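*Asks:* First, the structure itself, so that you have it in front of you.
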């Protein structure tokens, strides 16, 4: 974290930030199944964008995505391996990914088919592998959490919500898009625009200083971030 070590300073916005509201990208299926959350975010002043996301339910920045599960759904998916694979793949693309469990967690003691120890074991496994877990009691708490988290990522940390493509290298074009899209604040759409302008990734990388003039929607801030990644020595 930069600066302070708690979320408390972000709960009271300074007067100069009163009009600054974050943008949250919501998966279209999630927006349909949890309309109260989308509506609550809009009422908080969030700029809500809906897209068909490959993974994750909410994109808060270029490094942070949220997968939301009700407690019931989380317990149900423990019998299916795909949940863990899905979250681990999400973390590969969004390093600060987390899972949000919505609902009354102690209800796990009332399930007959799933032992509580299995639930705690699954949560520990996720945490041990670097996937944070946040528990909210209701959709209203979910709205509050998403708002504060997005505010910290975007207004405080100055990170833009970005939809990253997941690794698909079935063709050379897929690999090229994935390669360029992995640069900071680029994402799939901007990567395609860059490749259309420069034809090959190597041409694009050699001309990174010219991106703001050549590619629509790319300013000097984004090109400088890419240049920083490409030109700085690796420090393992």
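Just so it is clear, none of the values below were taken in a lab; they were calculated from the coordinates. None of the values given here were measured: they were computed from a predicted structure. Cβ coordinates were reconstructed from backbone atoms using ideal geometry, including for glycine residues, and neighbour counts include every protein chain displayed.
*Asks:* Among 55-62, 97-104, how do they line up from the highest to the lowest mean number of other beta-carbon atoms within 10 Å?
*Replies:* Per-residue mean Cβ counts within 10 Å order the peptides as 55-62, 97-104.
*Asks:* If you don't mind, there's one more thing I want to ask. For the chain, what does -39500 (n - 2.57) per DSSP helix run (n ≥ 4), summed and divided by total residues, give at 222 nm, in deg cm²/dmol to the nearest 500?
*Replies:* The helix-only estimate for the chain comes to -13000 deg cm²/dmol at 222 nm.
*Asks:* Could you state the angle between the C-alpha long axis of helix 187-198 and the longest principal axis of the C-alpha atoms of the chain, as a value from 0 to 90 degrees rounded to the nearest 10?
*Replies:* The angle comes out near 10 degrees.
*Asks:* For the chain, modelled as a Gaussian network with Cα springs under 10 Å, which listed residue fluctuates most, 43, 153, 30?
*Replies:* 43
*Asks:* Compare the peptides 184-192, 215-223 by average per-residue count of other Cβ atoms within 10 angstrom and give them in order, highest first.
*Replies:* Numbers: 184-192: 18.8, 215-223: 15.2.
Those peptides, ordered most packed to least, come out 184-192, 215-223.
*Asks:* Taking the Cα atoms only, what angle lies between the long axis of helix 82-93 and the longest principal axis of the chain, rounded to 10 degrees?
*Replies:* 30 degrees
*Asks:* Right, next: Which angle from 0 to 90°, rounded to the nearest 10, does the C-alpha axis of helix 116-128 make with the longest principal axis of the chain?
*Replies:* 20 degrees
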